[in-house]
Structure formats: C-alpha cells, structure tokens
Amino acid sequence: MAVVKTELTFKSSKNTTGTTRAAPAAIANSAVFQAAVAMTRPTNTTAYAAGDMIGRADASTPGNAGDAIMEFTEIGPKGGAVRIAAVDLMVAQAANTGMGNFTLHLYNAAPAAKLDNAAFDLEAADRTKYLGSVLIGTPADLGATQYAENADLKGKIVKLAAESTSLWGVLAGAGTDTPTSGGVYTTKLTTQQAH
C-alpha cells in the first residue's frame, strides 16, 4: 500500500501594489491535508456486485480476498476536526466494464475486517467508529485510466479520534464491474482543518 501525504497552509498575502489580498474565505488561515492510498486488487477478474468493497491482493487470505481497509495517515491535526474537501478515485483499468458510483465510507479507527468482493456492512462493533460516507461518483473513461472526483462535498465535518491523525476508509462500488486482474485503485482524500 502506497501512502502519499501533503500539508498545505493558505494565508493572506500582499500583492505587487502593496494591498492585502485575502485567501479564499473557505481556506483562509487553514491547513489543508491530503493523503492517497493505492491498493493493488487480487489477481482475478471476479465481477463485483452492487455494494461490494474493493480490496488489495493478499495471498494469505482465503480465495485471495484481500483486506479492503485503507488508512489515510496525517489527514488532520491530532484529535482534531476536519472538513472533507474533496475525494477522488483513479483506477488503472483501460475500460469501464460496468463501474457505477463509488462511495468512500469513513471511520475514526480501523473497522472490523472488510474483504475484497464482499458486500459492505456497517457492523454493530463499528457503529461508534463510523463517520458516514462521501460519494465519489462514476469514473469517466480517460483511455487507459478510469477517473472520478467529488470536490463539492458541502462542508462535511468529521472528528479524528483522540491522539490520532488518521482516518480509515472502505471503498464500495454501486456497479457490476468486471475488474482487471491486479488492477490498482488509488483513492485520494483532501481535508481542511475545521475551526
């Protein structure tokens, strides 16, 4: 699993005329965090049913039905509240073979086991960790890549667990996709510190 982390801070600045130019109101004086998780799915072409989760290859799991839990590290201040600013999905697959909308389910701690190609289920043990979900959308066919993004999340705010800078996610699709064997699904999450 590859994780990419970025933190950006936007503040007011002076332009060449010496007058103060404010940063956009939504991000003025706020830290922006970004993390991406790339998952290489199992080496099979087993079709996904609507609501199934996407997981990574794991030879030690029966049927190679790998773990579907992603950890977005350093996605906010320790124990802080963050606004979900954007989420996007890039699939290294040359054709959209039935992909529908994808949804990212969020947690403030690692949920119970979730496996590739199993139906998403909010188990009783995970109810206190669950932070809701964000719709990513249906990937557009960009030739060798399928891509979807949602940067219009209406300010959904979630709180990280005490002493944690991570959020956990599970990606579930609404389509009946026949995936590429060993295909790579990269999910990127962008947050802004909430005040």
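Just so you know, all these numbers are worked out from the coordinates, no wet-lab data involved. Here the structure is a predicted model, which is why all the values come from computation and not from measurement. Using ideal geometry, Cβ is built from the backbone for each residue, glycine included, and neighbour counts are taken over all protein chains shown.
Scan the stretch 106-195 for GluC sites (Glu not before Pro) in coil per DSSP, keeping those whose Cβ has at most 13 other Cβ atoms within 10 Å, and list them by number.
Hits after loop and neighbour filter: 123, 163.
Report the one residue of 174, 110, 80 whose Cα lies farthest in the direction of the positive end of the charge dipole of the stretch 43-175 (charges on C-beta: Lys and Arg +1, Asp and Glu -1; origin at the Cα centre).
The residue sitting farthest along the positive end of the dipole is 80.
Starting at the first residue of the stretch 105-117, write each ³J(HN,Hα) from the Karplus equation 6.51 cos²θ - 1.76 cosθ + 1.60 with θ = phi - 60°, in whole Hz, x for Gly and Pro.
These are the phi-based 3J(HN,Hα) values: 8, 10, 9, 9, 7, 4, x, 4, 3, 10, 10, 3, 6 Hz.
Computed on alpha carbon atoms, what radius of gyration and Dmax characterise the stretch 75-195, expressed in Å?
14.9, 43
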